[in-house]
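*Asks:* Handing you this structure, nothing more for now.
Taken together, the values in this text are just the output of simple stated rules run on the coordinates, not laboratory data. No experiment lies behind these values; they were computed from the predicted model shown. Cβ placement follows ideal geometry from the backbone for every residue including glycine, while neighbour counts extend to all protein chains displayed.
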Amino acid sequence: MPHLIAPSLLAADFSNLQSDCEMINNSDADWFHLDVMDGMFVPNISFGMPVIKAINKHATKPLDVHLMIEKPDRYIKDFKAVGANILTVHYEACPHLHRTIQAIKSEEMKAGVALNPHTPIELLEPILEDIDLVCLMSVNPGFGGQSFIEGTYRKIEKLKKIITQKKLSTKIEIDGGVSSKNAKALLKAGADVLVAGSFIFKSTNPTQTIKELKAIQ
């Protein structure tokens, strides 16, 4: 199955958000990737429900919402209400992860779990059957434009091996520092979804950049 491209709107032009949404709609991208930060779990604040609701009015593709927040269970119903199709929470922020995943699924959203760079993938083994998506952070979460962490390749390979052995359909998403320089190697290691922010939106032709990322084999 071909890999998916999910442009991260954290790097978009917020003074012209409708235009960037329409660019993604008309491009080869598959999902909108939306990073929600609370200034507590990560040292930055991004956007919340009103912005996602506004994006959803224009988006014609699924909203892949990545929660970098503490106590995400409080807002699961709210994110469903503003249009989230996939809701990803951080392993590090969820002491009762199974309950959180079930709550996401009860709202008829796909459930994802994100891992920070230092968190071993083995911790997800007991719950992998219940997850639609694992988001591997390839930078430390909180800010866009960071350098890619090379150890990510080994994590992808390990995780892909477990998913294959268990015969699961769980997708592996890579978030942080993705570009044309490492996309091929990420896909070869086993990635299914590539999130790219600065690399797309700061390029001279974002639509073409998305097309090139999508075409990599």
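*Asks:* For the chain, what does the relative contact order come out to in percent, with C-alpha contacts under 8 Å and a separation of six or more?
*Replies:* It comes to 22 percent, rounded to a whole number.
*Asks:* Next question. Please identify every one of the trypsin sites (Lys or Arg not before Pro) in region 148-217 that sits in a loop by DSSP and has no more than 14 other beta carbons within 10 Å of its own beta carbon.
*Replies:* Of the trypsin sites (Lys or Arg not before Pro), the ones in loops of region 148-217 whose Cβ has at most 14 other Cβ atoms within 10 Å are Lys166, Lys167, Lys181, Lys202.
*Asks:* Using 0.36 nm per residue of separation minus the Cα-Cα distance, give me the extension gain between Phe14 and Gln102 in nm, one decimal.
*Replies:* Using 0.36 nm per residue and subtracting the Cα-Cα distance, I get 28.4 nm.
*Asks:* Name the chymotrypsin sites (Phe, Trp or Tyr not before Pro) in region 152-212 that are in a loop by DSSP and that have at most 15 other C-beta atoms within 10 Å, would you?
*Replies:* none
*Asks:* Estimate the FRET efficiency between Leu128 and Met1 by the formula 1/(1 + (r/R0)^6), using the beta-carbon distance for r and 22 Å for R0, to the nearest 0.05.
*Replies:* 0.75
*Asks:* Would you mind giving the average projected area, over all directions, of the Cα convex hull of the chain in nm² with one decimal?
*Replies:* Seen from a random direction, the Cα hull of the chain projects 10.7 nm² on average.
*Asks:* Let me ask you something else. Using R₀ = 30 Å, calculate the FRET efficiency as 1/(1 + (r/R₀)^6) where r is the Cβ-Cβ separation of Met40 and Ala81; round to 0.05.
*Replies:* After rounding, the FRET efficiency stands at 0.85.
*Asks:* Tell me, what is the FRET efficiency for Ala54 and Asp28 to the nearest 0.05, using R0 = 30 angstrom and their Cβ-Cβ distance as r?
*Replies:* 0.80
*Asks:* Now for a separate question. With labels modelled as points extended 7 Å from the Cα through the Cβ direction, what inter-label distance (nm, one decimal) is found for Ser203 paired with Ile162?
*Replies:* With each label placed 7 Å out from Cα toward Cβ, I get 3.2 nm.
*Asks:* With the cut-off at 32 Å, tell me which of the pairs Lys110/Lys202; Lys71/Lys181; Lys167/Lys202; Lys57/Lys110; Lys160/Lys181; Lys57/Lys188 have Cα atoms farther apart than that.
*Replies:* Among Lys110/Lys202; Lys71/Lys181; Lys167/Lys202; Lys57/Lys110; Lys160/Lys181; Lys57/Lys188, the Cα-Cα distance tops 32 Å for Lys71/Lys181; Lys167/Lys202; Lys57/Lys188.
*Asks:* Restricting to region 35-156, what percent of DSSP beta bridges are antiparallel, rounded to 5?
*Replies:* Taking every DSSP beta bridge with both residues in region 35-156, the antiparallel ones total about 5 percent.
*Asks:* Let me have the 222 nm mean residue ellipticity of the chain computed from DSSP H runs of 4+ only, each contributing -39500 (n - 2.57), with the sum over all residues rounded to the nearest 500.
*Replies:* It lands at -9000 deg cm²/dmol.
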